[in-house]
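Heads up, the thing below is written out as structure tokens.
What follows is calculated from the coordinates using simple rules that are stated; it is not laboratory data. Source: prediction; values computed, not measured. Cβ coordinates were reconstructed from backbone atoms using ideal geometry, including for glycine residues, and neighbour counts include every protein chain displayed.
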Amino acid sequence: MGAVTAGQSQTNLKPLPSKYIQRITTGAPVPEGADAVVMIENTQLIEMAEDDQEEKLVSWKGDIVPGENIREIGVDCTKVDTVGIKGQIIDAAIIGLFGSVGVQEVIIKNPLFLLSLFILKSINIKIFVTTQRLT
């Protein structure tokens, strides 16, 4: 099935068939058909897939509760909370926050830090660089 990683677009995900497992990283979108996430430290590898790149069969400790370890986008704040302000330096913490609340576009006036721009692009946030005054 391939791994699902943070920054991957929800629209590119294939639904997870019933009784299948898929590796998913923290912050990644949950594929349709998945109803819970089991932390890797609570699993034990039983068998690898033929390509030796993916898990084919795992066991886990305890019961799996639907919704376990799944958080919806933006649950950390409300619609009226401010997550970024004009003139703010976009650092790793802000990039993570943007991703966690579903920010899809960022307007940048002075792109001083190319690494920040690269990270924003890598997590599928559209970047608009402008020389116009932002009001």
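The local environment of A3, defined by Cβ-Cβ distances under 13 Å, has a net charge of -1 under the rule Lys, Arg +1 and Asp, Glu -1. Of the residues V4, V83, the one with the fewest other Cβ atoms within 10 Å heads the list, and the complete ranking is V83, V4.
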